[in-house]
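Sending over a structure as structure tokens; questions will come in a sec.
None of the figures in this text is laboratory data; all of them are computed from the coordinates on show. Here the structure is a predicted model, which is why all the values come from computation and not from measurement. When we count neighbours, we look across all protein chains shown, and the Cβ atoms used for this are built from the backbone with ideal geometry, even at glycine.
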Amino acid sequence: MTENAIELKNLTKKFGDFTAVDKLSLDIKENEIFGFLGPNGAGKSTTIRMLCTLSTPTSGSAKVAGYDLIKDSAKVREKIGLVAEKMIMYDKLTAAENLRFFGKLYAIPKQKLEDRIDELLELVNMQEWKHTQISKFSTGMKQRINVIRALLPEPEIIFMDEPTLGLDPQTTFSIRDITRDINKSDVTVILTTHAMIEAEALSDRIAIIDHGKIAALDTPQNLKNLIAESDTSVFGAKITNLTPKLIGKINSLDVVAAVAQQDDHNLKISANGTDALNQIIDVIRLEGGNIASITNSNDSTLEDVFLAVTGKTIRDQANEKAAPTHHRHGQAPKARIR
Amino acid sequence: MIPMDIIKTLKDSYHVMIKDMIELKRNRVELVTLAIMPLLFLVIFGFIYPSGNSHDNIQMGLVNLDQGAGSNEFIAQMETMNKQIESTTKNSSYMSFNNYSSVDAAKTAINQGKIHGAFVIPPGFSNNVTNGQPGNIIIYVDNSNPQVAASIEQVSSGTVSGLNGVLAENNVLKLGNAANQQINPQAVIAPYTPNIVTTIPGANNYLNFLAPGLMIMIGMMAVMIGIPEAFSKEKETGTFDGMLSAPINHLSVLLGKTMALSVRGLLQCIFVLAFAVLLFGVTIQGSLLLAFFMVILGIFSFIGIGIMAVSLAGDQSTGTMIMNLLMFPFMFLGGIFFPISQMPWIMQEISKLIPLTYAADAMRKIMLLNANVADVSTDIIILLAFGIITMAIALPLFSRSMKQ
């Protein structure tokens, strides 16, 4: 764990006037699982695309596996594997044909490639589906193929963009297990995810990215301690007669950083200052809210950190989209519109 | 190192091509479409074009306002003439006659679409003929349909001039007899006799004209529509990122896909040829080998345009739109369906800018006239130049678009 697998120096990507990635500087150590967290459009995927040589940086530089991203892009591509959010596979081809096609592009010798395909299919328990067309696979089966496809050339670094998005819990767990296995075989894993639990469970270190910049960077535990040590506190509030209007009132308090609705009755409120809890309770009572219970999250979760660091951004986005909050597995609940 | 790179690029192109071909092979709907499209083109374009055989049984009105001996004889001869023509061609007559009592009744019938024109024999026709005056006939033509109108004018004047010939022959014989001279009436009436010998044996067949051009056009469509489509599909499903994040030259993706599409285009050309020969009696005089070389050259000349479209268009619908914009002038001004020499001069000038014109021209010469490479060398040079120039513009655009 001495050398850096990836070094970013002022890496910047602009699309016209919009700066997707803003002077990002960052070192990712060899053999670590590094998590990128951030709201939609924060610049996670753009960063990954640049590091995979799929997109050219506007300015700045980066070294991937010791090679310069721009000058030695061909060398970089030999060292990396990509598990993209859009699965990289052809529906009309069988699992083996897909793997074989990509393996050939990596110029893996024929016999070695066949052995590798069998080995990887075994890793994800899919030997019996070797000669079945991808179109007959479930999403979970496809994602397992998508993951092992990236492992074909035995990469030093593997990029995983939202690897468990839309998967059932069983497959999600299995993908996480595979990710740990990959990491144990000396592969650096770069993970982007919305799933806080996943980032927390897998990552050695996490960077929370917002507006193309690093908003926070540390181990999951240190990030959580950060919240505990600051004057930011996170409360759970159960209100039996919860209304959108009431949520709006709470949100409009100056001390409140973010409000996330968990379900019909439960709110998660992150607030600043010692008087925050009093003010929040006053507002709820004033609006006729019936408080069933208040829980003080002493052991804050990564979700709390995420909301505390990026809370405002989410509100801005919610103002644009105003989508209703759906609580999907493991995903960050969106804050309500202020 | 450089030769190694080239070998790797070619190998990767080959892998991409094979992958694309397997995908095509597994797509039954696409395969069927692939075979049906050439057939459809042949049937549709082969039969909608007004060919020599199409003016059969044109419904004509007949209004005899004279009712004299002369007009009755004229009508009788015209009907015989119509049948005489009939016996020399297929089992159909050129015109069918319907009697009307007045010009107005005939005009009403034209307006109702029952007939396309009418012969009107004016009063006094018989008198004029017997007194050595010209016998005028009026032919009404419905020219709201230009194609039918042209046919009627052609057939009517042909029939009337045939009648004139018969009459003139009799008159010349009479005059000869009166002067006690042996005369060949034909030599007096029509001293010049054209004997038409065609380059292609057998009757004129529009499909003979159509098939070679269609082969080139279908090859062109395969790459021009195919390239933007193939790239957009991979971009939109995300598989493109898989190839581009692998250590391969981006050009090998382009090369591989183009090769797969060219094979596909070539396959369709074979379908066109097979259908044309087996189902439509098209005859081939020239070398098939040279013909297929021409198809490949034709396809090559369109690749650059396809790459430009895929590089400039962000998504599939834009790419398809750009291609449609180009395809229509190519199809209709490239001399596939209509001979360029029959177009107005400005269209002829535009058609000279279209590579399809040269490819179709060369193809026709090779297949129908047994032309050799030297005969079509100008076409070959123009196509090569067009292909190389467009590709020289397209490749940098492509490289740039790959690095968004």
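To the nearest 20 debye, what charge dipole does the protein assembly as shown have about its Cα centre, counting +1 at the Cβ of each Lys and Arg and -1 at the Cβ of each Asp and Glu?
Charge dipole of the protein assembly as shown: 440 debye, to the nearest 20.
What's the FRET efficiency of B:ILE196 with A:ALA107 using the Cβ-Cβ distance as r and R₀ = 56 Å, to the nearest 0.05?
FRET efficiency, B:ILE196 to A:ALA107: 0.30.
Counting only residues 5 or more places away or on other chains, whose amide H sits under 5 Å from the amide H of A:ILE158 once H atoms are built in the peptide plane?
It is A:GLY81, A:THR188, A:VAL189, A:ILE190, by chain and number.
Now a separate question. Sequence-distant or interchain residues sharing an amide H contact under 5 Å with B:LEU62, placed H: which?
B:ASN98, B:ASN99, B:TYR100, B:PHE119
Work out the charge dipole of the protein assembly as shown with +1 on the Cβ of Lys and Arg and -1 on the Cβ of Asp and Glu about the Cα centre, then indicate which of B:GLY158, B:MET217, A:ILE250 is farthest towards its positive end.
Sorting the options by dipole projection puts first B:GLY158.
If R0 is 60 Å, what FRET efficiency do you get for B:GLN133 and B:PHE338 from their C-beta distance, rounded to 0.05?
The computed FRET efficiency comes out at 0.85.
Then there is this: Quick one: 3J(HN,Hα) in Hz for region A:14-20, Karplus 6.51/-1.76/1.60 with θ = phi - 60°, rounded, Gly and Pro as x.
Taking θ as phi minus 60°, the curve returns 10, 10, x, 8, 8, 9, 7 Hz for region A:14-20.
Name the helices (complete DSSP H segments) of chain B with a Cα length along the long axis of 18 Å or more and a Kyte-Doolittle mean of at least -1.0, or state none. The partial results should precede the final answer.
On the way: long enough: B:2-26 (36 Å, -0.07); B:28-48 (30 Å, 2.21); B:69-88 (29 Å, -0.63); B:146-179 (48 Å, 0.31); B:206-237 (44 Å, 0.78); B:250-280 (44 Å, 1.79); B:288-312 (37 Å, 2.63); B:316-333 (25 Å, 1.15); B:355-369 (20 Å, 0.64); B:377-402 (36 Å, 1.66).
In chain B, the long hydrophobic H runs are B:2-26, B:28-48, B:69-88, B:146-179, B:206-237, B:250-280, B:288-312, B:316-333, B:355-369, B:377-402.
Take every DSSP beta bridge whose two residues both sit in chain B, then give the antiparallel share in percent to the nearest 5.
Here the share of antiparallel DSSP bridges comes out near 25 percent.
At A:ASP231 and B:ARG28, where each label point lies 7 Å from the Cα along Cα→Cβ, what is the point-to-point distance in nanometres?
The answer from the label model is 7.2 nm.
Can you give me the convex hull volume of the Cα atoms of region B:58-198, divided per residue and expressed in Å³?
Cα convex hull per residue, to the nearest whole number: 134 Å³.
Got a sec to turn the phi values of region A:191-204 into Karplus ³J(HN,Hα) couplings, 6.51 cos²θ - 1.76 cosθ + 1.60 with θ = phi - 60°, whole Hz, x for Gly and Pro?
10, 10, 7, 9, 7, 4, 4, 5, 4, 5, 6, 9, 6, 6
Once you put a point 7 Å from the Cα of A:PHE173 and another 7 Å from the Cα of A:THR139, both along the Cβ direction, what distance in nm separates them?
1.9
Report the charge-dipole magnitude of chain B in Debye, nearest 20, computed about the Cα centre from +1 at each Lys and Arg Cβ and -1 at each Asp and Glu Cβ.
920
Expressed as a whole number of Å, what is the distance separating the alpha-carbon centroids of region B:362-379 and region A:203-272?
77
Thinking of chain B as a set of Cα atoms, what percent of all their pairs are more than 40 Å apart?
Distances greater than 40 Å cover 40 percent of the Cα pairs.
Tell me what the protein assembly as shown gives for mean residue ellipticity at 222 nm when only DSSP H runs of n ≥ 4 count, each as -39,500 (n - 2.57), the sum divided by the residue total, rounded to 500 deg cm²/dmol.
Result for the protein assembly as shown: -18000 deg cm²/dmol, rounded to the nearest 500.
Also, quick follow-up: Among bridges DSSP assigns within region B:58-198, what percent are antiparallel (round to 5)?
Antiparallel bridges: around 25 percent, rounded to the nearest 5.
Along the Cα-to-C-beta direction of A:THR274, a point sits 7 Å from the Cα; which residues of region A:197-239 have their amide N less than 14 Å from that point?
A:231-232
For B:ASN184 and B:ASN57 in the same chain, what is the full-extension length gain: residue separation times 0.36 nm, less their Cα-Cα distance, in nm?
42.3 nm
In whole percent, what relative contact order does chain B give with Cα contacts below 8 Å and a gap of six or more residues?
RCO, chain B: 18 percent.
Give me the dipole magnitude in Debye, nearest 20, for region B:253-404 about the Cα centre, with unit charges on the beta carbon: positive for Lys and Arg, negative for Asp and Glu.
The dipole magnitude comes to about 300 debye.
With a 10 Å Cβ neighbour count serving as the proxy for reagent exposure, in which order, fewest first, do B:VAL155, B:VAL32 appear?
If I rank by nearby Cβ atoms, fewest first, I get B:VAL32, B:VAL155.
Right, next: Take every residue in peptide A:83-89, count the Cβ atoms of other chains within 10 Å of its Cβ, and give the average of those counts.
Numbers: counts 0, 5, 2, 8, 4, 10, 4.
Per-residue shielding by partner chains comes out at 5.
Give me the net charge of A:GLU287's neighbourhood, meaning all other residues with Cβ under 13 Å from the Cβ of A:GLU287; Lys, Arg count +1, Asp, Glu -1.
It works out to a net charge of +2.
Please work out, to two decimal places, the log10 of the ratio I(q)/I(0) at q = 0.11 Å⁻¹ from a Debye calculation in which every Cα of chain A carries one identical scatterer.
-0.77
Can I ask one more? How do B:MET347, B:MET294, B:MET327 rank when sorted from fewest to most other Cβ atoms within 10 Å of their own Cβ?
With the fewest neighbours first, B:MET347, B:MET294, B:MET327 line up as B:MET347, B:MET327, B:MET294.
Here's another thing I want to ask about it. Give, as a single signed number, the net charge of other residues whose beta carbon lies under 14 Å from the beta carbon of A:LEU11, with Lys and Arg counted +1 and Asp and Glu -1.
Values: positive: A:LYS9, A:LYS13, A:LYS14, A:LYS23, A:LYS44, A:ARG49, A:LYS63, A:LYS213; negative: A:GLU7, A:ASP22, A:ASP27, A:ASP68.
For residues surrounding A:LEU11, the net value is +4.
Obtain the radius of gyration and the Kirkwood radius of the protein assembly as shown from its C-alpha atoms and give Rg over Rh.
On the way: Rg = 39.8 Å, Rh = 32.7 Å.
Taking Rg over the Kirkwood Rh, I get 1.21.
If you add up the charges near A:ILE134, with Lys and Arg at +1 and Asp and Glu at -1, over every other residue whose beta carbon is less than 10 angstrom from its beta carbon, what do you get?
Around A:ILE134, the surrounding residues sum to +1.
Taking a spot 7 Å from the Cα of B:VAL263 along the direction of its beta carbon, which residues of region B:20-38 have an amide N less than 15 Å from it?
Once the point is set 7 Å along Cα→Cβ of B:VAL263, B:20-27, B:31 turn out to lie under 15 Å by backbone N, inside region B:20-38.
Label-point separation (nm) for B:TRP345 and B:SER399, each offset 7 Å from Cα along Cα-to-Cβ?
4.5
Using amide H atoms built in the peptide plane, which far-off residues or other-chain residues are under 5 Å from A:VAL21 H to H?
Close amide H contacts, sequence-distant or interchain: A:LYS13.
From the residues B:ALA230, B:GLY265, B:LEU326, which one has its Cα farthest along the dipole of chain B in the positive direction, the dipole being from +1 and -1 charges on Cβ of Lys/Arg and Asp/Glu about the Cα centre?
B:ALA230
In which sequence would B:LYS233, A:LYS104 go, from the one with the fewest C-beta neighbours within 10 Å to the one with the most?
B:LYS233, A:LYS104
Between region B:245-300 and region A:25-63, what's the alpha-carbon centroid distance in Å?
44
Here's something else I'd like to know. Once Rh for region A:44-111 is found with the Kirkwood sum over Cα pairs, what is the Stokes-Einstein diffusion coefficient at 37 °C and 0.692 mPa s, in µm²/s?
Working: Rh = 13.6 Å.
It diffuses with D of about 241 µm²/s by this estimate.
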